[in-house]
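Colleague: Dropping a structure here in structure tokens format, bear with me for questions.
The values are calculated or read from the model by the stated rules, or taken from the named source; none is laboratory data. If you're wondering where the values come from, they're calculated on a predicted model, not measured in any experiment. Cβ placement follows ideal geometry from the backbone for every residue including glycine, while neighbour counts extend to all protein chains displayed. Note: accessible area is taken over every heavy atom of the protein model, side chains too, but ligands, DNA and RNA are not part of it. Shrake-Rupley method; radii C 1.70, N 1.55, O 1.52, S 1.80 Å.
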Amino acid sequence: MNIDYEFLYAFSKDILNLDRTIRWMGIANNFGVLLNVEHREGLIPVLTEEENEEYASNTITRHKTRKKFESKIGKLIYALAKYQKLNRVTIPINENYFLLIALDAEVKDFDSIIMEKIIPLIKKEKHNFGNSHTIDHE
């Protein structure tokens, strides 16, 4: 599970710049460890670095519990949780890496942001995340 950290940094910046409503993004491995985190310039993050680490760990654990239903309902494209202060999105990149995103609370077109901006960039760059099985985002 080797990954180029220069690539991770550039990919993270590219994700952050896809849409002005993206507040925060993190890339986690399949153990729930955040490998890189970026947030919108000038933004005061809602959670601390430690809280984001705990969030990532819990998110990946939740994802693993959902996997047992994949054979019946299909692979997860993305999971969204809507909170009062923000929207959180989990997008599997492949079996080893996950993109975690926080969007502004007032975002209503989150599906188009995810499906038309974020997932195309993931598809374009997924070869840089290693050779493990990739997630089909169709």
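Colleague: Taking amide H positions as placed 1.01 Å from N in the peptide plane, with prolines and chain starts having none, which residues 5 or more places from residue 93, or on another chain, fall under 5 Å of its amide H?
Modeller: 98, 99
Colleague: For the chain, the longest stretch holding no chymotrypsin sites (Phe, Trp or Tyr not before Pro) located in a DSSP loop with at most 12 other Cβ atoms within 10 Å is which?
Modeller: 84-138
Colleague: Would you mind telling me the share, in percent, of accessible area of the chain contributed by carbon and sulfur at probe 1.4 angstrom?
Modeller: Here carbon and sulfur together make up 51 percent of the probe-accessible area.
Colleague: Report, to two decimal places, the Cα Rg of segment 59-102 normalised by 2.2 N^0.38 Å (N = number of residues).
Modeller: That works out to 1.19 for segment 59-102.
Colleague: Taking square-rooted eigenvalues a ≥ b ≥ c of the alpha carbon gyration tensor, is segment 27-138 rounded, prolate or oblate, where a/c under 1.5 means rounded and, failing that, a/b exceeding b/c means prolate?
Modeller: rounded
Colleague: Students often get this wrong: which residues of segment 59-94 have the backbone nitrogen under 19 Å from the point 7 angstrom along Cα-to-C-beta of residue 104?
Modeller: Taking a point 7 Å out along Cα→Cβ of residue 104, the residues of segment 59-94 whose backbone N falls under 19 Å are 81-89.
Colleague: Order 103-109, 46-52, 17-23 from most to least packed using the mean count of other Cβ atoms within 10 Å.
Modeller: Averaged packing, sorted descending, gives the order 17-23, 103-109, 46-52.
Colleague: Rounded to the nearest 20 Debye, what is the dipole magnitude of the chain about its Cα centre when Lys and Arg each give +1 and Asp and Glu each give -1 at the C-beta?
Modeller: The calculated dipole for the chain is roughly 580 debye.
Colleague: Let me ask something else. Is any residue of segment 88-110 close enough, with backbone N under 17 Å, to a label point placed 7 angstrom from the Cα of residue 82 along the Cα-Cβ axis, and if so, which?
Modeller: Output list for this probe position: 88-90, 102-110.
Colleague: Given R₀ = 35 Å, FRET efficiency for residue 73-residue 14 by Cβ-Cβ distance, to 0.05?
Modeller: 0.70
Colleague: Going by Cα centres, segment 97-116 and segment 13-92 are how many Å apart?
Modeller: Between the Cα centres of segment 97-116 and segment 13-92 lies a distance of 10 Å.
Colleague: Stick to the Cα atoms of segment 1-92, pair each with every other, and give me the Kirkwood hydrodynamic radius in Å at one decimal.
Modeller: It is 14.4 Å.
Colleague: Rolling a 1.4 angstrom probe over the protein heavy atoms, how many square angstrom per residue are accessible across the chain?
Modeller: 58
Colleague: Within straight cross-link reach of residue 124, meaning Cα distance under 13 Å, which aspartates and glutamates are found once same-chain residues fewer than 8 apart are removed?
Modeller: Once the sequence-local aspartates and glutamates are set aside, what remains near residue 124 is 14, 116, 136.
Colleague: While we're looking at this one, here's another question. Suppose only helical runs count, i.e. DSSP H with n ≥ 4. What mean residue ellipticity at 222 nm does that imply for the chain under -39500 (n - 2.57) per run, divided by all residues and rounded to the nearest 500 deg cm²/dmol?
Modeller: The helix contribution divided over the chain gives -9000 deg cm²/dmol.
Colleague: Now, a different point. Longer than 20 Å from Cα to Cα, which of 68/126; 64/85; 13/117; 13/126 are they? Say none if no pair is.
Modeller: In this structure, 68/126; 64/85 lie more than 20 Å apart at Cα.
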